[in-house]
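The values are calculated or read from the model by the stated rules, or taken from the named source; none is laboratory data. Here the structure is a predicted model, which is why all the values come from computation and not from measurement. Because the Cβ atoms are built from the backbone with ideal geometry, glycine has one as well, and the counts that use them run over all protein chains shown. Heavy atoms of the whole protein, side chains included, go into the accessibility calculation; ligands, DNA and RNA do not. Shrake-Rupley method; radii C 1.70, N 1.55, O 1.52, S 1.80 Å.
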Amino acid sequence: MGHDQGTKVIMQLGHSDYKARKWMTPGYGVEAPSKMRSAKEMSDSEVIRIIRSFAKAAALAIKAGMDGVEIQGSNGWLIEQFFAPNINFRNDRWGRDFEKRAKFALAIIDEIDAVRKKLN
């Protein structure tokens, strides 16, 4: 796995958001910060579920032997979409001004940090 050569192994975690196809997300459909193309706007509880899913995936990666995780927050993926005012049209705690649009990414970091502390 790389450890034999003294390297660190890092797993990248991301969410493809509205770019996903329905067959890729059985039982969930295609989600996005706001209604786009064939994606539905995520409810507040769905946003929380995604945040917790990032943390659960991070915990599973560490338990599987990874040395860390990298959160994919660029290239138009879900985290970047929450930041983007031309994609995130929400009028709740996850949208409008920059601080609220940044809340999603910060919540993911906080949730993963809480999991990390439990594992140490």
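Worth pointing out:
- Filter pass, Met24 being within 18 Å of the chain's Cα centre (by Cα), open to solvent by 40 Å² or more (accessible area, probe 1.4 Å) and modelled with pLDDT under 90: yes
- Of all residues in region 47-72, those that are free of Cβ contacts under 8 Å to residues at least 60 places away in the same chain have Cβ atoms under 8 Å from Cβ atoms of residues that are small (Gly, Ala, Ser) and assigned to a loop (DSSP other than H, G, I, E, B), 6 or more apart or on another chain, in Ile71/Gly14.
- Matching residues in region 37-71 - criterion: being open to solvent by 20 Å² or more (accessible area, probe 1.4 Å), part of a loop (DSSP other than H, G, I, E, B) and either closer than 24 Å to Asn88 by Cβ or of a type in the set (Gly, Ala, Ser) (or both): Arg37, Ser38, Ser43, Ala64, Gly65
- In region 27-45, the qualifying residues are those that are among the charged types (D, E, K, R) and modelled with pLDDT under 95, and the one that is farthest from the chain's Cα centre (by Cα) is Arg37.
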